[in-house]
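Take a look at the structure below.
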Amino acid sequence: MGDKAHTHPGAAGRAQAADRPTSVRNVVLVGHSGSGKTTLVEALALTAGAVNRAGRVEDGGTVSDHDEIEHRQQRSVQLSLVPVEWNGIKVNLLDTPGYADFVGELRAGLRAADAALFVVSAADGVDGSTRMVWDECAAVGMPRAIVVTHLEAARADFEEMTRVCAETFGGDDPDAVLPLYLPLRGPEGPDGHAPVTGLIGLLTRKLFDYSSGERVANEPVGDQVPLIEEARGRLIEGIISESEDETLMDRYLGGEDVDVRTLIDDAERAVARGVFFPVLAAAPAAPGARQGLGTVELLDLITGGFPTPLEHGTPQVTTLDGRPRELKPCDPDAPLVAEVVKTSSDPYVGRLSLVRVFSGTLRADQTVHVSGHGLTDRGHEDHDVDERVGALSTPFGKVQRPVSHVIAGDLACVAKLSRAETGDTLSSKDDPLVMDPWEMPDPLLPQAIEAHSKADEDKLSQGLSRLVAEDPTMRLEQNQDTHQVVLWCLGEAHADVALERLRSRYGVQVDVVPHRVSLRETFGGRASGRGRHVKQSGGHGQFAICEIEVEPLPNGSGIEFVDKVVGGAVPRQFVPSVEKGIRAQARKGVAAGHPLVDVRVTLLDGKAHSVDSSDAAFQTAGALALREAAADAKIHLLEPVAEVSVLVGDDYVGTVMSDLSGRRGRVLGTEQSPGGRTLIRAEVPEIEIGRYAVDLRSLSHGTARFSRRYVRHEPMPPQVAERVKGEARAAS
């Protein structure tokens with residue numbers, strides 16, 4: 001945080017495997033799409049000497065955006081790791097996508113990190129999704145800092161942005177969110193805009209000039225001095241109020257000039273404890289320059305103020321049979337516990353697993369136990385297998401630098417773990433353990449897909465299984481009612497990326513088709529039917545006649561079959577045949593092709609032939625009888641109804657409730673939630689919420705979340721039912 005001596009950046013940037021947990025910092029970058037996270041990572045890598053002056057990795061790869069889909073979409077769609085070295089510390093920078101559809105990648109980054117750097121654009125401000133992530137970090141006490149970017153924008157105002165950050169992130173204590181540096185602007189250009197050329201350190205009272213492309217420390221002069229004192233006094237009070245030294249505030253208020261080193265040490269401890277959140281400024285380096293504005297200060301904060309992995313507790317660990325297991329935090333000599341935080345496929349080396357080691361040491365060519373549990377509802381099978389670890393490497397763009405081992409607290413890529421999926425635990429094969437999975441957002445946007453050709457159909461199953469193995473925020477459903485393959489995603493962009501990966505990585509072309517909900521049919525009243533299946537065409541004939549009565553039953557009753565035949569009109573051996581035919585026809589439906597439910601079918605009478613009656617004939621007669629009964633009855637369509645819970649900011653409650661009513665929803669109630677939010681519960685027909693994941697984001701400007709669960713099937717309104725039946729007739 002202060003004016004430190006720095007290692008020469010040339011060799012320093014080549015971060016390899018760490019030798020001890022205290023020499024590692026794991027930092028996740030969080031911010032909305034377009035806030036400048038990836039540009040900032042590149043600027044930090046440039047300053048650390050990990051890339052050359054052209055902004056390229058020294059050995060030829062790019063710092064990030066190495067996925068061809070990201071190039072096409074012009075935005076980050078996946079978590080990426082850029083390790084750099086600064087002052088002897090390995091810094092693992094985890095760059096996350098800012099777009100809401102890829103929040104699963106963000107959650108993986110939060111799991112792998114020990115601290116978070118919130119990137120806020122001076123031109124755009126703080127969005128609602130960034131606020132929600134801040135609250136998530138606050139709930140678990142994750143240390144955080146804020147960096148303001150886009151200072152070069154014409155409407156950028158650092159002072160206003162620090163005020164907004166204090167108001168947004170400070171909660172009840174806005175003095176916990178304060179700037180460590182003030183930007184210094186140069187002379188105005190022809191356009192009237194004064195560019196930021198340096199920073200004034202509030203604690204050190206030093207001016208750091210970046211105008212030459214190198215960081216040069218000077219003493220402030222003239223009118224720069226008054227800029228410092230007011231902000232410096234507030235910063236010192238903010239730091240001291242969080243100090244563990246309770247005498248410091250009294251000494252300061254008593255007029256004692258507190259030593260700068262003491263202030264810096266106290267600030268760093270407060271940051272590491274997650275009680276003080278400094279605001280910094282950054283801008284990319286000019287062409288040909290070696291250092292971007294504020295990047296040295298940011299690297300100093302990360303290495304000096306952010307916690308080591310030793311200060312971050314290990315997530316809950318159990319044995320395979322569920323018994324809790326206590327482990328010493330981040331001990332390289334303890335039993336191995338590592339977690340796959342991301343899985344990807346590389347065209348040259350196959351499957352790559354990005355792994356965070358929480359305990360023990362992971363070594364190349366080691367045989368480990370791979371455990372995956374708890375995601376069976378998303379198309380993942382529980383699995384416990386032993387696999388041999390392939391090569392270990394530290395990633396840098398497209399280049400993988402080999403390492404022999406990875407200690408507790410560090411991250412690395414593991415090659416050729418064929419069964420490991422995102423979220424899986426790696427442990428010793430002699431002492432298998434499993435970590436509790438991190439919280440995943442529910443995919444709530446359905447995409448029904450079909451193979452484009454017979455060749456694609458042959459490859460579809462394997463391609464989809466690989467896709468969901470990489471991305472646990474995706475759910476694969478084989479719907480038994482509609483016979484559709486449904487890929488549940490977080491949003492349209494998430495779905496687009498998934499289908500593009502199917503095509504480009506796995507060579508599977510699919511077509512998106514309308515998603516169908518699982519409708520049901522039932523009888524609206526009593527009806528009778530006669531099934532007559534009589535054929536005489538030479539040789540052995542077919543003869544079966546049955547008479548039935550159908551009546552509706554309460555919701556959830558299914559199909560009930562009752563035999564009331566007297567006198568052997570339908571021989572005993574053929575009664576089950578009638579029932580079998582009726583149930584088979586019920587599964588096919590009697591009006592619009594949807595399964596028939598909640599009826600009692602009573603077999604009243606029938607006729608048989610001593611030679612020509614058979615099991616098959618009575619099955620056919622039973623099906624015919626049910627169809628005839630349906631032809632003379634009013635058939636109701638039943639639609640699935642979901643209970644929807646929407647957590648939304650108070651400003652949007654009216655808009656969301658009005659929209660739910662327009663979807664034929666029934667609001668069950670509301671309740672206040674912390675942070676100025678309201679939880680709305682409503683029952684809504686599933687046919688009305690197919691695109692709700694997209695629509696709610698638009699309604700709430702990205703600040704709302706919702707969940708859904710199936711409640712029951714209930715009759716569809718007549719006008720809606722007629723439209724659905726008409727569509728079914730047209731399709732047939």
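Just one of the listed residues (A682, A704) is open to solvent by less than 30 Å² (accessible area, probe 1.4 Å), within 35 Å of the chain's Cα centre (by Cα) and closer than 23 Å to L519 by Cβ, namely A682. Residue count for the stretch 557-568 satisfying the condition of being more than 47 Å from the chain's Cα centre (by Cα) and either open to solvent by 40 Å² or more (accessible area, probe 1.4 Å) or more than 12 Å from D605 (Cβ to Cβ) (or both): 6. Quick check: anything in the stretch 50-57 over 22 Å from E492 (Cα atoms), touching a Ser or Thr at 6+ places or on another chain (Cβ under 7 Å) and modelled with pLDDT under 90? Scanning the stretch 50-57, I find at least one residue that is over 22 Å from E492 (Cα atoms), touching a Ser or Thr at 6+ places or on another chain (Cβ under 7 Å) and modelled with pLDDT under 90, so the answer is yes. For V550, the conditions (1) without any contact (Cβ under 8 Å) to a residue 24 or more places away in the chain; (2) of a type outside the set (S, T, N, Q); (3) not in a helix (DSSP H, G or I) all hold with the exception of (1).
Being open to solvent by 60 Å² or more (accessible area, probe 1.4 Å) and either of a type in the set (F, W, Y) or touching an Asp or Glu at 6+ places or on another chain (Cβ under 9 Å) (or both): is that true of P554 here?
yes
Counting the residues of the stretch 181-211 that are in contact (Cβ under 8 Å) with a residue 24 or more places away in the chain and in a loop (DSSP other than H, G, I, E, B) gives 10. Considering only the stretch 437-450, state which residues are open to solvent by less than 70 Å² (accessible area, probe 1.4 Å) and in contact with a strand residue (DSSP E or B) (Cβ under 9 Å, 6 or more places away or on another chain). Hits for the stretch 437-450 are W438, P441, P443, L444, L445, P446, Q447, A448, I449. Restricting attention to the stretch 128-160 and to residues that are part of a loop (DSSP other than H, G, I, E, B) and aliphatic (A, V, I, L, M), the residue that is most open to solvent (accessible area, probe 1.4 Å) turns out to be V140. For the stretch 262-271, state whether one or more residues are farther than 30 Å from V140 by Cα and among the aliphatic types (A, V, I, L, M). No, the stretch 262-271 has no match at all. Taken over the stretch 629-671, the criterion of being more than 30 Å from G726 (Cβ to Cβ) and open to solvent by less than 10 Å² (accessible area, probe 1.4 Å) is satisfied by V646, V648, V656. Applying the condition of being touching a residue at least 60 places away in the same chain (Cβ under 8 Å) and aliphatic (A, V, I, L, M) to the stretch 576-591 and asking which residue is most open to solvent (accessible area, probe 1.4 Å) yields A591.
Applying the selection to the stretch 661-690, what residues are in contact with a helix residue (DSSP H, G or I) (Cβ under 9 Å, 6 or more places away or on another chain) and not in a strand (DSSP E or B)? Correct list: G662, R663, R664, G665, P674, G675, G676, I687, E688, I689.
Among the strands (runs of 3 or more DSSP E) confined to the stretch 393-482, the ones with at least 2 residues that are modelled with pLDDT of 90 or more and under 22 Å from V77 (Cα atoms) are located at 411-415, 445-451, 475-478.
Does C330 satisfy being at pLDDT 90 or above and outside any loop (DSSP other than H, G, I, E, B)? The answer is no for C330. Select from the stretch 716-732 the residues that are open to solvent by 80 Å² or more (accessible area, probe 1.4 Å) and either modelled with pLDDT of 75 or more or hydrophobic (A, V, I, L, M, F, W, C) (or both) and list them in ascending order. Matches in the stretch 716-732: P718, Q719, E722, R723, A730, A731. Which of the residues spanning the stretch 167-180 are open to solvent by 10 Å² or more (accessible area, probe 1.4 Å) and either out of contact with any Lys or Arg (no Cβ under 9 Å at 6 or more places or on another chain) or outside any helix (DSSP H, G or I) (or both)? Correct list: E167, G170, G171, D172, D173, P179.
Against the conditions (1) crowded, with 19+ Cβ neighbours inside 10 Å; (2) over 42 Å from the mean Cα position of the chain (by Cα); (3) modelled with pLDDT under 95, H594 satisfies every one except (2). For the stretch 607-628, residues that are open to solvent by 10 Å² or more (accessible area, probe 1.4 Å) and touching a residue at least 40 places away in the same chain (Cβ under 8 Å) total 15. Take the conditions in contact with a strand residue (DSSP E or B) (Cβ under 6 Å, 6 or more places away or on another chain), of a type in the set (V, I, T) and within 23 Å of E159 (Cα to Cα) and apply them to I200. Does it pass? When the stated conditions are applied, I200 passes them. Taking the criterion of being modelled with pLDDT of 90 or more and open to solvent by less than 10 Å² (accessible area, probe 1.4 Å), the residues of the stretch 337-357 that qualify are V337, A338, E339, V340, V341, S353, V355, R356, V357.
Scanning the stretch 451-477 for residues that are over 25 Å from the mean Cα position of the chain (by Cα) and open to solvent by 40 Å² or more (accessible area, probe 1.4 Å) yields H452, S453, K454, A455, E457, D458, K459.
The residues listed here are H540, H515; of these, the one that is open to solvent by 70 Å² or more (accessible area, probe 1.4 Å) and of a type outside the set (A, V, I, L, M) is H540. Close Cβ contacts (under 9 Å, 6 or more residues apart or on different chains) running from residues in the stretch 219-236 that are closer than 17 Å to F158 by Cα to residues that are open to solvent by 20 Å² or more (accessible area, probe 1.4 Å) and modelled with pLDDT under 85 comprise L227/P220; I228/P220. Of the residues making up the stretch 567-611, those that are among the aliphatic types (A, V, I, L, M), assigned to a helix (DSSP H, G or I) and within 16 Å of S528 (Cβ to Cβ) number 2.
The values are calculated or read from the model by the stated rules, or taken from the named source; none is laboratory data. Since this is a predicted model, take the numbers as computed values, not measurements. Glycine gets a Cβ as well: all are built from the backbone with ideal geometry, and neighbour counts include every protein chain shown. Ligands, DNA and RNA are stripped out before the accessible areas are found, and what is left, the full protein with its side chains, is counted by its heavy atoms. Shrake-Rupley method; radii C 1.70, N 1.55, O 1.52, S 1.80 Å.
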